[in-house]
Amino acid sequence: MRNSPFSRHYFPGIFHAMGWALSAAAGQQNDNPRSRIGRFTSIAAIFVSLLFLTYWQAELTSSFTVQQLQGGIQGPDDLPGKRVGTVTGSTSAQWAQQHRVGATEFQNISQAFEALEGGSLEAVVYDAPVLLYHSATTGRGKVRVVGPVFRKENYGIVFPPRSGSPRKVDYRKRVNEALLKMREDGAFDRIYKRWFTTEE
């Protein structure tokens, strides 16, 4: 259109049209198109602009809501610069030093949990079973475990060596058999769910 107030270049024209449509939707536009095509195009531009604005607003609101629900720490990459606690001499303290996480070290994990629940810490880094147990029991509703296990470690049970006497019981064999049975009949999963998850 020769009398079009919009730029004839593609992208500047689009942004000019969207700005015009928003101002028209707000009732602050007096320069209305006179032709039928112009009026139809302006109505379409108003609807497209409103849809775009609504979508952008919904995405922004959703992003803020998710951030508030999840908190600022979702994994190990979020720990630098945060107030983090751990236990002195633990592998978690070594990991924090290696990854330049300025962690406050406590003598025991109970002190770290108290600091976390008191608000002086933003996170506690320690053994996953201990954190899961605390969040499922005394820390239920106060703390939650986030992120993956970022340094896997194996746990074991140590028994004294078996002597040559046939009367000595081989506890290692008995424990292994009992653990295998618990895995097979589902007892292990039930115990784990009871003590290490926060599901109702």
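The values are calculated or read from the model by the stated rules, or taken from the named source; none is laboratory data. All figures in this text were calculated on a predicted structure; none of them were measured in a lab. A quick note on method: Cβ atoms are made from the backbone with ideal geometry, for glycine too, and the neighbour counts reach across all protein chains shown.
Have a look at K173, K152 and point out the one that is part of a helix (DSSP H, G or I) and without any contact (Cβ under 8 Å) to a residue 12 or more places away in the chain.
Being part of a helix (DSSP H, G or I) and without any contact (Cβ under 8 Å) to a residue 12 or more places away in the chain holds for just one of K173, K152, which is K173.
With the requirement that a residue be assigned to a strand (DSSP E or B) and over 16 Å from L79 (Cβ atoms), what does the range 139-149 give you?
Matches in the range 139-149: R140 only.
Taking P76 as meeting all but one of (1) modelled with pLDDT of 85 or more; (2) buried (at least 17 other Cβ atoms within 10 Å of the Cβ); (3) not hydroxyl-bearing (S, T, Y), write down the number of the exception.
Among (1) modelled with pLDDT of 85 or more; (2) buried (at least 17 other Cβ atoms within 10 Å of the Cβ); (3) not hydroxyl-bearing (S, T, Y), P76 violates only (1).
For the range 107-137, which residues satisfy the criterion of being within 19 Å of T88 (Cα to Cα), surrounded by 19 or more Cβ atoms within 10 Å (Cβ to Cβ) and small (G, A, S)?
Those that are within 19 Å of T88 (Cα to Cα), surrounded by 19 or more Cβ atoms within 10 Å (Cβ to Cβ) and small (G, A, S): A112, A123.
Which one of the conditions (1) under 19 Å from Y192 (Cβ atoms); (2) surrounded by 11 or more Cβ atoms within 10 Å (Cβ to Cβ) does Y155 fail to meet, given that it meets all the rest?
So Y155 meets the others, but not (2).
Residues of the range 128-152 being within 19 Å of W195 (Cβ to Cβ) and of a type in the set (D, E, K, R), which ones?
Once the filter is applied, which keeps residues that are within 19 Å of W195 (Cβ to Cβ) and of a type in the set (D, E, K, R), the range 128-152 yields R140, K142, R144.
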